[in-house]
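Since the structure comes first, as structure tokens, the remarks are kept for the end.
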Amino acid sequence: MPERARIGGSGRRPPVRTCVGCRSRAAQSDLVRLVADGALVTPDPERRSPGRGAYLHPDPACWASAERRGAFQRAFRARGRLDTSRAAAFFSGGPRVGDGGRSG
């Protein structure tokens, strides 16, 4: 059996997640985690918030694709409408809520 490619010095592969926008697989560290707090979808860049998460590339095209396809309702198993305004501001490149004034 051929030896598998190893990543990093520890030999462990990074976790892989699927972007809900473009449906491509990428390392978890390359994606932004989103969580639903009730009906409010918020970015979780530190990946520490409890609950079900959805992952998305930090690209406005992936955001638009996910919104157009209704991917957030499926990813969060939501029955009603979700408020994605906070996450939309995060992906639009505008002022980010709750990042303490840090840029990018």
**Request:** Please work out how much length the chain gains when fully extended from S92 to A26, using 0.36 nm per residue of separation minus the C-alpha to C-alpha distance, in nm with one decimal.
**Result:** 21.7 nm
**Prompt:** Beyond 21 Å, what percent of the Cα pairs of the stretch 23-97 remain?
**Reply:** 17
**Complete:** If the chain between A39 and S10 were fully extended at 0.36 nm per residue, the gain over the current Cα-Cα distance would be 6.5 nm
**In sequence order, calculated HN-Hα J values of the stretch 33-43 (Karplus, 6.51, -1.76, 1.60; Hz; x Gly/Pro)** = 8, 10, 10, 9, 9, x, 9, 9, 8, 10, x
**Request:** Pull out the extension gain between E67 and R52, defined as 0.36 nm times the separation in residues minus the alpha carbon to alpha carbon distance; nm, one decimal.
**Result:** 3.6 nm
**Request:** Mind checking the per residue accessible area of the stretch 31-75 for me, 1.4 Å probe, whole number of Å²?
**Result:** 52
**Item:** Pairwise label distance in nanometres, D83 with D59, each label 7 Å out on the Cα-Cβ vector
**Value:** 3.0
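The values are calculated or read from the model by the stated rules, or taken from the named source; none is laboratory data. Keep in mind it's a predicted model, so treat the numbers as computed, not measured. We place every Cβ from the backbone using ideal geometry, glycine too, and count neighbours over all the protein chains shown. SASA here: full protein model, heavy atoms, side chains in, ligands and nucleic acids out. Shrake-Rupley method; radii C 1.70, N 1.55, O 1.52, S 1.80 Å.
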